[in-house]
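Shown next, in structure tokens, is the structure this report addresses.
The values are calculated or read from the model by the stated rules, or taken from the named source; none is laboratory data. The model shown is predicted, which means the values in this text are computed figures rather than measured ones. Backbone-built Cβ (ideal geometry, glycine too); neighbour counts: all protein chains shown.
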Amino acid sequence: MTTKSIVAVAFYFLIAINVQAANKSEKIKVNGQCDMCKNRIENAVKSLDGVSKALWTKSDKSLAITYDDKSTTTQKIQTSIAMTGHDTEMFSASESGYNELPACCQYKRDGNRKKNVHNTAQDSSKQADKSGSCCDSK
Ligand SMILES: [Cu+2]
């Protein structure tokens with residue numbers, strides 16, 4: 001091997017490592033119910049800089065994301081999801097954020113709340129009856 005080709009090979013690996021480091025893929029749990037939730041969740045993520053993929057799956061409530069970890073973080077992504085009213089692995093949506101979801105989108109929350117994304121007064125006044133037809137039923 002000539003020095004030139006060694007340099008070329010080294011350079012190639014350097015680039016390969018860099019590309020890998022920049023693009024991170026993750027699967028996170030995001031609570032939701034229906035296709036409306038899917039759009040809401042995916043749009044919240046896709047609107048962020050550095051996100052190249054966001055795919056939410058209803059059956060296992062998982063969100064597959066690919067993002068450039070130099071321009072965004074999983075925290076940022078999960079924060080903006082929680083802001084739309086959906087609980088993620090790291091953050092819980094605020095009570096009011098959750099209550100503002102259409103009735104059909106109000107997924108069952110698990111009891112243990114994580115960090116709230118924005119702090120809210122517990123407005124129990126908004127716990128109105130929101131039963132009704134769900135967009136899930138086809
Ligand atoms: Cu929904």
For this session: Would you mention how many residues in the range 20-39 are over 10 Å from the mean Cα position of the chain (by Cα) and within 12 Å of the ligand (Cβ to nearest atom)?
Result: 8
For this session: May I ask you to list the residues in the range 64-89 that are out of contact with any Gly (no Cβ under 9 Å at 6 or more places or on another chain) and in a strand (DSSP E or B)?
Result: ALA64, ILE65, THR66, THR88
Exercise. How many residues are at pLDDT 50 or above and hydroxyl-bearing (Ser, Thr, Tyr) when one looks only at the range 81-138?
Worked result: 7
For this session: Those residues that are of a type in the set (Gly, Ala, Ser) and loosely packed, with under 13 Cβ neighbours inside 10 Å, I need them from the range 22-79; list them, please.
Result: SER25, SER47, SER52, SER59, SER71
